[in-house]
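*Asks:* This is the structure I have questions about; it appears just below.
The values are calculated or read from the model by the stated rules, or taken from the named source; none is laboratory data. All of these numbers come straight from a predicted model, not from anything done at the bench. Here the Cβ positions follow ideal geometry from the backbone for every residue, glycine too, while neighbour counts run over all protein chains shown. What goes into the accessible areas is simple: the full protein's heavy atoms, side chains included, and nothing from ligands, DNA or RNA. Shrake-Rupley method; radii C 1.70, N 1.55, O 1.52, S 1.80 Å.
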Amino acid sequence: MQLSIKTETLLCVAAVLLAASCMLLGTMAGDSLWMYALEAAGALGILVFWHVSPSLIAWVARWWSKASFPLSIHPSKDAHHPGSGKTVESDGDSTLSNASVDETPRSERVVPLVDSPALIETSPGASHGQNQSQPAGAPRDRGEVAREMAQTIVHLCKTRNGRAYGVYRRFVSEGYDADVGYDEGMYVSLVAFAAHGGHKDFHEEVIQTMKAHGVSCPFGFFQALMKIFSSKQMYDKALGLYDLMKQQNVEPDAPMLRCLINFAFECNDPVKVEVFFAALKKHELPSMKSYTTLIRAYSKKNDAWAALKVLREMLDCGVETDSLVLNSVLSTCVGAGQLQIAETLVNESVQMCEEGQTLLADIVSFNILSKGYAQKGDFDGALKTLRASERAGLQPNDISYNTVIDAAVRSKRLDEAWGLVLEMGEKGIEADKYTCSILIKGLHNIGQGPAREAHLNTALEYLKRLGVSESSRLHEVVSFCLMESCLHMKDLSRTLEVFRHIQQQKVKVSVVTYGNVMKALGQAGRLRECFELWEGLKHTDLEPTAILYGILLDACINNGDLPRAMQVFEEAKSSDAVNTVMYTTILKGFARTKQVDEAMRFYHQMLTDAKQGKDVAPDLIAFSVLIQAHVEAGDMSGAFKVVEDMKGHHFKPDDIVFNTLLNGCFKQSNVELGERLFAEMLSVSVKPTAVTFSILVKLYGKARMLDKAFQMIDDMEMKFHLRPSVLVYTSLIQACIRNRQVKRALEVFDTMNRKGERGDGVTFGTLINGCVYALHFDAAIDLIQQAANQGIKVPTEVANNLLGAVLRKGQEHKYGPTLLSLMHQLHIPVQPKLREQCGPNMMPPPHANTQYPIQPHTPNNHSNNRHNHSNNNQAFMRFPPPPPPSRSNRPFRHHNEGGYGGGFGNHNSSNYNSSNYNSSNYNSSSGSSSRGMGARSDNWRWREPNDM
């Protein structure tokens with residue numbers, strides 16, 4: 001007995017379940033008769049599965065082979081060959097058998113397509129039993145096989161089966177397409193399936209194959225294809241059908257031309273739009289839609305005259321015209337800058353309405369014309385258009401007023417702009433975010449001085465005229481504009497004045513407005529008023545947010561009020577509004593006040609709260625603050641412990657963390673640790689920055705390893721492809737000065753100028769102090785003149801230090817007048833003590849503004865200006881050498897590098913005290929990121945040498 005596949009499958013499943021359950025129950029039954037009975041039943045299930053499964057497995061294998069390789073056209077080993085008498089064996093499931101031999105001519109060859117019964121059942125022969133009456137082994141009619149293959153292709157396409165492409169190509173390669181001829185169902189289904197599957201170019205292959213095999217492509221085929229591509233929004237393919245139609249000598253009709261006009265417009269091809277429109281006019285009078293599409297095509301080219309010509313043609317031909325057509329022409333004219341044509345069209349439309357015709361222009365038409373005037377900054381033209389729309393009986397909307405207000409702002413007529421804002425309110429037109437944006441732009445662009453004060457006063461007067469209202473959108477817009485403008489200009493007094501008026505007018509103030517005002521008060525150091533505003537917020541219906549708590553904490557920390565900051569933090573914590581930013585802000589407060597232990601205690605509390613499920617886990621900024629706090633306290637071991645904690649929280653140290661650690665090495669003069677850190681920085685693929693090289697240069701300079709400092713600059717350019725900045729050059733100049741190498745410092749300054757880097761006040765201050773220390777007064781005055789020519793102000797302390805050295809060395813008659821004139825020119829005040837030493841005869845008159853010519857700055861010039869000083873070292877020999885450091889305090893043991901010998905960089909001599917020369921002005925961690933506690937300072941502290 002032969003069972004069906006479905007029955008065999010059910011038997012196999014039942015047998016497996018029976019065997020498994022019986023084996024499991026038999027194990028649980030223990031040593032009893034039930035155990036033997038269950039094991040016997042399990043064995044029976046295994047026997048059933050063993051008997052049934054081979055036929056099932058064989059069927060699955062046959063199905064898999066047919067599904068995987070359905071289109072193989074190579075003859076099998078059992079294929080029929082001439083004279084052999086062998087035929088293809090049938091498996092009982094296929095009605096296509098007896099494949100022809102390969103040597104048979106192509107026109108007479110019949111090859112079986114597929115073996116799947118599901119596909120053969122769709123053919124007419126299978127459904128009517130034609131194949132059943134045919135004797136086995138009899139040759140089949142070629143046309144019948146071709147029709148069955150065509151039906152199979154249609155079925156595969158409808159079922160979205162990708163085998164359709166292969167079947168079609170086999171259908172074509174065997175020549176069955178010529179036998180069937182044009183089968184619209186097959187070809188349309190095939191192309192539609194290809195378009196659905198993303199094969200956009202398959203239709204071209206089909207059309208070319210049809211042409212090559214003599215199968216004609218009728219008009220209906222292209223019409224069907226165009227519908228398919230249009231539904232898929234494949235406008236480029238739909239447009240390309242026109243060229244294929246010309247190749248097949250097929251002419252499009254009027255509906256197809258209308259579609260082609262739209263396709264050409266979507267493909268941004270105005271030339272083809274004109275071609276198809278001209279062809280359409282030969283078939284019929286184009287509709288308003290076709291005319292509008294042509295006008296829009298001209299609009300893309302900004303061809304105002306062509307668009308106007310089309311509009312005139314529509315009116316002459318009696319084609320129905322509406323405001324959409326007119327607005328398209330107006331947009332084209334405005335885009336082309338032809339405002340006169342646009343204004344003429346609008347006026348003609350109004351005149352036609354007065355003559356009893358329908359008014360084509362609507363409020364959008366007038367808005368388009370106003371926009372054209374606004375773009376040119378013509379406020380009068382925009383306002384005239386607005387009034388004309390009112391005379392035409394149209395109601396202006398918010399866009400109308402916003403456009404005219406924008407024209408007033410562009411022409412810097414803010415008084416008229418605020419008048420229009422009030423007019424909007426009187427007419428019940430709500431101001432929107434665009435109104436606010438336009439007004440803010442106008443207030444931001446008025447600049448400083450009396451004009452700004454006048455415009456702000458005008459705006460404030462308009463705000464007062466609005467009166468009291470609790471729900472007016474206009475009140476909110478005007479108030480927000482004024483607040484944003486005052487805050488942008490950092491005019492705190494006017495900001496508070498506007499805020500008081502807002503409260504008096506009972507305008508609802510948002511949390512954002514409160515936050516902005518509190519932030520401004522905190523930055524201005526007015527902490528008391530900031531807390532008064534905070535208390536006032538609590539009496540409103542607004543809920544304090546985490547952002548407001550953060551702003552208040554920042555204000556407290558920036559003003560040095562850590563106890564009050566802790567009170568705010570505890571209040572935020574009780575309101576469950578704390579976050580990581582607030583914890584980090586408190587950490588900054590402890591770090592700034594040098595309370596490292598308290599900062600670590602607070603950090604551990606932060607970790608405890610994070611373990612309890614609160615979203616307060618420390619981030620990279622928090623770790624950076626802690627690291628810098630330890631570095632500032634000189635605790636490098638504590639800093640490295642924080643780094644390890646940071647790594648444990650899956651944060652990788654970045655360039656700012658490494659720079660902070662390197663700065664700690666600089667403060668402790670630990671070159672070895674600094675080099676190890678730099679090597680580790682490179683090993684973990686952290687790219688060094690200019691700040692990194694600046695710190696390393698200062699580190700080598702402090703350790704009297706000047707050659708390594710220069711080598712670091714070379715590596716920066718050659719290995720890391722970074723251009724040294726002013727910061728790096730200034731650090732190198734500082735290193736040279738620290739090592740008594742003024743000549744090399746001046747050479748570095750020359751190199752910096754040649755490479756286009758302009759020094760700042762710190763650079764000039766460093767060099768001038770170095771020249772003073774080496775008694776190079778000519779070079780020092782020369783540098784002050786260069787700074788004056790570049791508009792750079794030399795620090796007051798530096799200039800007075802130079803003047804004091806000149807007076808002490810008795811050179812006041814040679815250098816005094818020039819130096820005092822330069823100081824007067826740069827508005828540098830002279831210290832009273834030095835003024836007394838100079839006397840009234842040497843001081844320049846108040847109106848003096850003498851410009852002194854500057855000599856080209858080269859190393860040779862400086863060497864020529866040294867007079868009786870033969871070399872750099874001899875200049876420094878005028879000072880008594882510093883006492884050598886004790887062996888226990890000597891951190892470095894190395895040879896002298898390029899300068900005056902001795903432990904100059906690490907002693908506490910009063911002649912050159914490291915605290916006198918504040919090299920921390922270029923502290924990397926202070927100015928490189930907002931994570932730091934401080935900022936770069938340009939205040940110089942260099943004590944005058946005792947023997948000057």
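*Asks:* Suppose we filter 527, 487, 492, 521 for residues that are modelled with pLDDT under 85 and under 22 Å from residue 561 (Cβ atoms); which single one remains?
*Replies:* The unique qualifying residue is 492.
*Asks:* Specify the residue that is surrounded by the most Cβ atoms within 10 Å (Cβ to Cβ); the eligible residues are those in the range 780-806 that are in a loop (DSSP other than H, G, I, E, B) and not polar (S, T, N, Q). Step through it out loud before you land on a result.
*Replies:* Step one: of the range 780-806, the residues in a loop (DSSP other than H, G, I, E, B) are 790-795.
Okay, now just the ones that are also not polar (S, T, N, Q), so 791-795.
Numbers: 791: 8, 792: 18, 793: 15, 794: 23, 795: 19.
Selected residue: 794.
*Asks:* Let me ask something else about it. Is there a residue in the range 206-225 that is surrounded by 15 or more Cβ atoms within 10 Å (Cβ to Cβ) and of a type in the set (D, E, K, R)?
*Replies:* Among the residues of the range 206-225, not one is surrounded by 15 or more Cβ atoms within 10 Å (Cβ to Cβ) and of a type in the set (D, E, K, R), which makes the answer no.
*Asks:* Now, a different point. Residue by residue through the range 420-429, note down the ones that are assigned to a helix (DSSP H, G or I) and without any contact (Cβ under 8 Å) to a residue 24 or more places away in the chain.
*Replies:* Scanning the range 420-429 gives 420, 423, 426.
*Asks:* Here's another thing I want to ask about it. Consider the range 367-381. How many of its residues are more than 38 Å from the chain's Cα centre (by Cα) and open to solvent by less than 10 Å² (accessible area, probe 1.4 Å)?
*Replies:* Let us first name the residues in the range 367-381 that are more than 38 Å from the chain's Cα centre (by Cα), namely 380-381.
Okay, now just the ones that are also open to solvent by less than 10 Å² (accessible area, probe 1.4 Å), so 381.
Total satisfying the criteria: 1.
*Asks:* Right, here's the next one. Restricting the search to the range 280-303, which residues are open to solvent by 20 Å² or more (accessible area, probe 1.4 Å) and part of a loop (DSSP other than H, G, I, E, B)?
*Replies:* As a first pass, look at the range 280-303 and keep what is open to solvent by 20 Å² or more (accessible area, probe 1.4 Å): 281-285, 287-289, 296, 298-303.
Result: 284, 285, 287, 301, 302, 303.
*Asks:* Next up: Which residues, counting only those in the range 228-264, are part of a helix (DSSP H, G or I), open to solvent by 20 Å² or more (accessible area, probe 1.4 Å) and under 23 Å from residue 294 (Cβ atoms)?
*Replies:* Those that are part of a helix (DSSP H, G or I), open to solvent by 20 Å² or more (accessible area, probe 1.4 Å) and under 23 Å from residue 294 (Cβ atoms): 230, 235, 236, 237, 240, 242, 243, 246, 255, 258, 259, 262.
*Asks:* Here's another thing I want to ask about it. Could you check the range 653-666 and list, in sequence order, the residues that are without any contact (Cβ under 8 Å) to a residue 40 or more places away in the chain and either in the same structural domain as residue 722 (by the TED database) or part of a helix (DSSP H, G or I) (or both)? Please lay out each step first, then the result.
*Replies:* Restricting attention to the range 653-666, the residues satisfying the condition of being without any contact (Cβ under 8 Å) to a residue 40 or more places away in the chain are 653-655, 657-658, 661, 664-666.
Within the range 653-666, 655, 657, 658, 661, 664, 665, 666 meet the criteria.
*Asks:* Related question: For residue 632, all conditions in the list (1) over 35 Å from the mean Cα position of the chain (by Cα); (2) free of Cβ contacts under 8 Å to residues at least 40 places away in the same chain hold save one; what is the number of the exception?
*Replies:* Of everything listed in (1) over 35 Å from the mean Cα position of the chain (by Cα); (2) free of Cβ contacts under 8 Å to residues at least 40 places away in the same chain, residue 632 misses just condition (2).
*Asks:* For the range 390-401, check the following and say yes or no: at least one residue is of a type in the set (Gly, Ala, Ser), open to solvent by less than 30 Å² (accessible area, probe 1.4 Å), touching a Leu at 6+ places or on another chain (Cβ under 7 Å) and within 20 Å of residue 308 (Cβ to Cβ).
*Replies:* no
*Asks:* Filter the range 672-693 for residues that are of a type in the set (Val, Ile, Thr) and assigned to a loop (DSSP other than H, G, I, E, B); which is surrounded by the most Cβ atoms within 10 Å (Cβ to Cβ)? If you could, list the steps in order and put the result at the bottom.
*Replies:* Within the range 672-693, the subset of a type in the set (Val, Ile, Thr) is 684, 686, 689, 691-692.
After this cut, where a residue has to be assigned to a loop (DSSP other than H, G, I, E, B) as well, the list is 684, 686, 689.
Values: 684: 10, 686: 18, 689: 20.
By that ranking, first place goes to 689.
*Asks:* Let me ask something additional. Given the conditions (1) closer than 20 Å to residue 480 by Cβ; (2) under 34 Å from the mean Cα position of the chain (by Cα); (3) at pLDDT 85 or above; (4) open to solvent by less than 10 Å² (accessible area, probe 1.4 Å), and given that residue 409 satisfies all but one, which numbered condition is not satisfied?
*Replies:* (4)
*Asks:* Right, next: Exactly one of (1) under 38 Å from the mean Cα position of the chain (by Cα); (2) farther than 28 Å from residue 780 by Cβ is unmet by residue 671. Its number?
*Replies:* All conditions are met except number (1).
*Asks:* Limited to the range 304-323, what total is found for residues that are under 17 Å from residue 341 (Cβ atoms) and open to solvent by 70 Å² or more (accessible area, probe 1.4 Å)?
*Replies:* 4
*Asks:* Another question, if that's okay. May I ask you to list the residues in the range 589-626 that are touching a residue at least 24 places away in the same chain (Cβ under 8 Å), under 16 Å from residue 644 (Cα atoms) and assigned to a helix (DSSP H, G or I)?
*Replies:* Answer for the range 589-626, where residues must be touching a residue at least 24 places away in the same chain (Cβ under 8 Å), under 16 Å from residue 644 (Cα atoms) and assigned to a helix (DSSP H, G or I): 600, 620, 621, 622, 623, 624, 625, 626.
*Asks:* What do you reckon, is residue 348 part of a loop (DSSP other than H, G, I, E, B), among the charged types (D, E, K, R) and open to solvent by 50 Å² or more (accessible area, probe 1.4 Å)?
*Replies:* On the way: part of a loop (DSSP other than H, G, I, E, B): no; among the charged types (D, E, K, R): yes; open to solvent by 50 Å² or more (accessible area, probe 1.4 Å): yes.
Considered against the rule, which asks whether it is part of a loop (DSSP other than H, G, I, E, B), among the charged types (D, E, K, R) and open to solvent by 50 Å² or more (accessible area, probe 1.4 Å), residue 348 comes out as no.
*Asks:* Is it true that residue 149 is more than 54 Å from the chain's Cα centre (by Cα) and not in a loop (DSSP other than H, G, I, E, B)?
*Replies:* Working: more than 54 Å from the chain's Cα centre (by Cα): yes; not in a loop (DSSP other than H, G, I, E, B): yes.
It is true that residue 149 is more than 54 Å from the chain's Cα centre (by Cα) and not in a loop (DSSP other than H, G, I, E, B).
*Asks:* Looking only at the range 730-750, count how many residues are open to solvent by 10 Å² or more (accessible area, probe 1.4 Å) and within 37 Å of the chain's Cα centre (by Cα).
*Replies:* So the count comes out to 0.
*Asks:* Looking only at the range 643-653, how many residues end up being closer than 26 Å to residue 698 by Cβ and either in contact with a helix residue (DSSP H, G or I) (Cβ under 7 Å, 6 or more places away or on another chain) or at pLDDT below 90 (or both)? Before you say what the answer is, go through the steps one by one.
*Replies:* Pass one, the range 643-653, residues closer than 26 Å to residue 698 by Cβ: 643, 646, 652-653.
From what is left, the residues that are either in contact with a helix residue (DSSP H, G or I) (Cβ under 7 Å, 6 or more places away or on another chain) or at pLDDT below 90 (or both) are 643, 646, 653.
Total meeting the criteria: 3.
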